[in-house]
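Structure, as structure tokens:
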């Protein structure tokens, strides 16, 4: 008779100690890491082994879009694990077939074929590879206020300082300015931004540029919403010069902005569209590249020289299919659209009450606060690529009150799961309201 023993549960302190001792944490100086131990999660909340509960106001990494603990997705993964847990990406299987068909129903325009990857960074890597092979050109344009992933090619595409330690990176990447709206600079008009882009294309040689990759709504660099006309102008410039337009919707896709994809707000169809995060609500890793018909046709007769062991993984495809069904059944895209104005009102109320809140932006449930030390000059409370004691105090105050979100430089993200209710949204903003007293004390007289 077999003897089994239950593994005793770990305390919060034991979880942290063992993780720090035996594992490395991302983007961290290891001796400074103070992770939150997590035992479980449901809806918009997660909690520690010792029972401390947090409202997740950033959907972890803007990715747990349907919310935590969704049994419809977990059950789909379990069923698939019993039926076919893995098969080579050279094989065809039902979850892959059904997911491809279902995705095309929601993709804009004639984006009607997909290539499955392991995540968002790999999707962007494969997108630039497709563009180079399709055009026969090598240069790729990207924007300075962008993040496209941490693999070798994706981090080179990234414009923000996370790129610096990995330079020189892959050859042929050119960074350009984007239409920026920050506390110390008014937003460029679409025409101004497009004129700068057109000049860069001319100076680099249009015939040498394979692709221009951009986040339609910039994510971690500040939820930067383009002025009307900008994406339409990018589309026209790319068409004029035979440049492949790549929309990185890894963060903005699947309802985050109140439409299935952010480009839908401007009725723009990119040539390639990359996705991940909300594709499976991050329950398991999966990314994808969607291709317009001309590029897909190219690879009907030309080899696409790429692929990895876990591409088109059956468990991931099953999870994504179930996730799309949750979006549809619960109308989560509609919920993000309806709560977008509610978030905007909360933002406006915080700006009215707190002198440290300089600017606010949101589109759907994709939102940010920009904190300043002086409303007259609109000087950021923390410098570019830096921090400030008041921002660190704000992070502690939020956690002490049970709210988790991303605080980066002078910004505070407001990106909850799309399943959030109006009452839960109000709960999160009430905590922010109280915690912002810490940054108000840093405002210059």
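The values are calculated or read from the model by the stated rules, or taken from the named source; none is laboratory data. Quantities reported herein were computed from a predicted structural model and do not represent experimental measurements. Virtual Cβ from ideal backbone geometry, glycine too; neighbours counted across all protein chains shown.
Collect the residues in the range 267-318 that are closer than 14 Å to residue 249 by Cβ and free of Cβ contacts under 8 Å to residues at least 12 places away in the same chain, keeping them in residue-number order. The answer is none; no residue qualifies. The number of residues in the range 328-339 being under 20 Å from the mean Cα position of the chain (by Cα) and surrounded by fewer than 18 Cβ atoms within 10 Å (Cβ to Cβ) comes to 1. Restricting attention to the range 311-340, and to residues there that are in contact with a strand residue (DSSP E or B) (Cβ under 9 Å, 6 or more places away or on another chain) and assigned to a helix (DSSP H, G or I), which single residue is farthest from residue 435 (Cα to Cα)? Looking at the filtered set, the residue picked out is 317.
So which of 416, 389 ends up being more than 22 Å from the chain's Cα centre (by Cα) and at pLDDT 95 or above?
Unique residue meeting the criteria: 389.
Restricting the search to strands (runs of 3 or more DSSP E) fully inside the range 50-160 and requiring at least 3 residues that are within 22 Å of residue 283 (Cβ to Cβ) and in contact (Cβ under 8 Å) with a residue 40 or more places away in the chain gives 53-56, 111-117. Considered as a group, the residues in the range 161-185 that are in a strand (DSSP E or B) and without any contact (Cβ under 8 Å) to a residue 60 or more places away in the chain include one that is farthest from residue 375 (Cα to Cα), and that residue is 173.
Residue-by-condition table, conditions (1) over 30 Å from residue 295 (Cβ atoms); (2) surrounded by 12 or more Cβ atoms within 10 Å (Cβ to Cβ):
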| position | (1), (2) |
| --- | --- |
| 48 | yes, yes |
| 59 | yes, yes |
| 70 | yes, yes |
| 88 | no, no |
| 93 | no, yes |
| 102 | no, yes |
| 109 | no, yes |
| 112 | no, yes |
| 119 | no, yes |
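Among the residues of the range 422-441, is there at least one that is in a strand (DSSP E or B), over 22 Å from residue 224 (Cα atoms) and outside the structural domain of residue 227 (by TED's automatic domain parsing)? No.
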